[in-house]
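Asker: Following this message is one structure expressed as structure tokens.
Every number here is computed from the coordinates shown, using simple stated rules; none is lab data. Bear in mind that the values here come from a model prediction, so they are computed numbers and not experimental data. Please note: Cβ atoms are built from the backbone with ideal geometry, for glycine as well, and neighbour counts cover all protein chains shown.
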Amino acid sequence: MTVWDRPEPPHRPVPLDRRRIVAAAVVLADEGGLEAASLRKVAARLNAGPMRLYGYISTKEELFDLMVDEVQGEILPEEPPGDWREALQGLAHRTRRAALRHEWLADLLGGRPALGPNGLAVAESTLAAFDGLADVDTAMHAVETVSAYSTGAIRREIANLRAERATGLSQRDWQRASGPHMTRMLATGRFPAVAKFVYDGTHTDAETSFATGLTWVLDAVAIKLAPPSSA
């Protein structure tokens, strides 16, 4: 039985429900990461004993499932997408923006499918855009391919943001600090391909890089979804 199927216990002197518990956990995780959203710390935020929470949530994993579903509500599109490309592109960008608001989300992306009401609503909106366009297996491969790209790109961006906070160096500051070492290494002539990318490549911001890579992936998916040529 999932956490969504299990009924909540009746209210006691300190009123609790899963919505309040999840809201407190999201705030704590936003402030200090997933480790800050332990059941003990959530209970303390709600001025309740930790054992009270176990009537509503049995495990840390259940709490994380509920937190992800809460954020899935932010990812759900306001209007049904016009086609499959709009559905996948919008989903990827909304997921990225949600992860920038809730960095802990990046640690939970890419796991088992979300089974909460918001997660299922996101899946329904996305998969419905393929109705009549492709068979089920092709549609799933398309969704999984774009999801794999966006999950990897989002995790890399969040990792860079965390590194900036940990070191106190922005990406540009880190590049300047690493510059002398890279110059010495590239001067050896052992890394000509790396040197070409370092000296000739255009360095874009994270949002532009994400959008560009997403476009390339969607273009590749479009080829697979195109009807076979009659020639």
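Asker: Just want the ordering: T151, T212, from fewest to most Cβ atoms lying within 10 Å of their own Cβ.
Answerer: Least crowded to most crowded, the residues run T212, T151.
Asker: If you fit an axis through the alpha-carbon atoms of helix 84-101 and take the longest principal axis of the Cα set of the chain, what angle between them do you get, 0 to 90°, nearest 10?
Answerer: 70 degrees
Asker: Here's another thing I want to ask about it. Let me make sure I get this right: for the stretch 45-144, a, b and c are the square roots of the gyration tensor eigenvalues over alpha carbons, sorted descending. Under 1.5 in a/c it's rounded, otherwise prolate if a/b > b/c, else oblate. Which is it?
Answerer: In terms of gyration-tensor shape, prolate.
Asker: Output the relative contact order of the stretch 1-58, whole-number percent, from Cα pairs under 8 angstrom with separation of 6+ residues.
Answerer: 35 percent
Asker: Where a Cα-Cα gap under 19 Å defines reach, which lysines qualify for K60, not counting those fewer than 8 residues away within the same chain?
Answerer: Filter leaves K41.
Asker: So if I take the centroid of the Cα atoms in the stretch 170-218 and the same for the stretch 62-96, what is the distance between those two points in Å?
Answerer: If we compute the Cα centre of each part, the gap is 31 Å.
Asker: Looking at the chain as a GNM with Cα springs under 10 Å, which of L218, L34, L46 has the largest mean-square fluctuation?
Answerer: Result: L46 has the largest fluctuation of those listed.
Asker: Enter the angle in degrees (range 0 to 90, nearest 10) between the Cα long axis of helix 136-167 and the first principal axis of the Cα atoms of the chain, meaning the one along which they spread out most.
Answerer: Tilt relative to the chain: about 90 degrees.
Asker: Please compute the modelled spin-label separation between K60 and F197, points set 7 Å along Cα→Cβ, answer in nm with one decimal.
Answerer: 3.5 nm
Asker: Is the shape of the chain best called rounded, prolate or oblate, per the rule: a/c under 1.5 gives rounded, else a/b larger than b/c gives prolate, else oblate, with a ≥ b ≥ c the square roots of the Cα gyration tensor eigenvalues?
Answerer: Oblate, since a/c reaches 1.5 and b/c is not below a/b.
Asker: Going toward the positive end of the dipole of the stretch 1-58, with +1 on Lys and Arg Cβ and -1 on Asp and Glu Cβ, which of V42, P9, G32 do you reach last?
Answerer: Checking the options against the dipole of the stretch 1-58, the answer is P9.
Asker: Looking at the square roots a ≥ b ≥ c of the eigenvalues of the Cα gyration tensor of the stretch 92-199, which shape do they give, rounded for a/c under 1.5, prolate if a/b is larger than b/c, or oblate?
Answerer: It is oblate, given that a/c is not under 1.5 and a/b is not larger than b/c.
Asker: Would you mind putting 107-114, 132-139 in packing order, based on average other-beta-carbon counts within 10 Å, highest first?
Answerer: 107-114, 132-139
Asker: Contact order normalised by length for the stretch 109-214, with contacts defined as Cα pairs under 8 Å and 6 or more residues apart; what percent is it?
Answerer: Dividing the mean separation by the residue count of the stretch 109-214 yields 27 percent.
Asker: Taking Cα atoms, how many degrees apart are the long axis of helix 206-225 and the longest axis of the chain, rounded to 10 and kept between 0 and 90?
Answerer: Relative to the chain, helix 206-225 is tipped by roughly 90 degrees.
Asker: Need the C-alpha centroid separation for the stretch 139-168 versus the stretch 29-50, integer Å.
Answerer: 26 Å
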